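Okay, structure first, notes after.
Only the coordinates and a few stated rules stand behind these numbers; no lab work does. Please read these numbers as outputs of a predicted model, since none were measured by experiment. A quick note on method: Cβ atoms are made from the backbone with ideal geometry, for glycine too, and the neighbour counts reach across all protein chains shown.
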C-alpha cells in the first residue's frame, strides 16, 4: 500500500501523493478522487503496553486452537 505525507499549506492541510501513484492511477491535478486514511502505527511504541493484562501465552494459544 503506498504511503503519503500530510503537510500544511497556508490555512489548508495537503495530502502529498507520490508521483508514481499519480501515474499508476492516471489522475490529474484538479480531479476529485476518493480516499481512505489509515494512520501508520509504529509497532515499537506498542512493546510493553500489555504487561498489565497478565495473559498466559500458552493458554491463549490453546484457546485459539480450539476455534480451528
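Return 64, 17 ranked ascending by Cβ neighbour count within 10 Å, so the fewest neighbours appear first.
Details: 64 9, 17 16.
Lowest count first: 64, 17.
If neighbour count is taken as other Cβ atoms inside 10 Å, put 27, 41 in order from fewest to most.
Values: 27 13, 41 8.
Ordered from fewest to most neighbouring Cβ atoms within 10 Å, 27, 41 come out as 41, 27.
With the helix formula -39500 (n - 2.57) applied to DSSP H stretches of n ≥ 4, the chain reaches a computed 222 nm mean residue ellipticity of -7000 deg cm²/dmol. Could you work out how far helix 57-66 tilts from the main Cα principal axis of the chain, as a 0 to 90 degree angle to the nearest 10? Tilt relative to the chain: about 80 degrees.
Given an 8 Å cut-off on Cα distances and at least 6 residues of separation, report the relative contact order of the chain as a percent.
Details: 20 pairs, mean separation 10.3, N = 68.
About 15 percent, as a whole number.
Per the Kirkwood treatment, what hydrodynamic radius in Å, one decimal, follows for the chain from the mean inverse distance over all distinct Cα pairs?
On the way: mean 1/r = 0.0596 Å⁻¹.
Averaging 1/r across every pair of different Cα atoms and inverting gives 16.8 Å.
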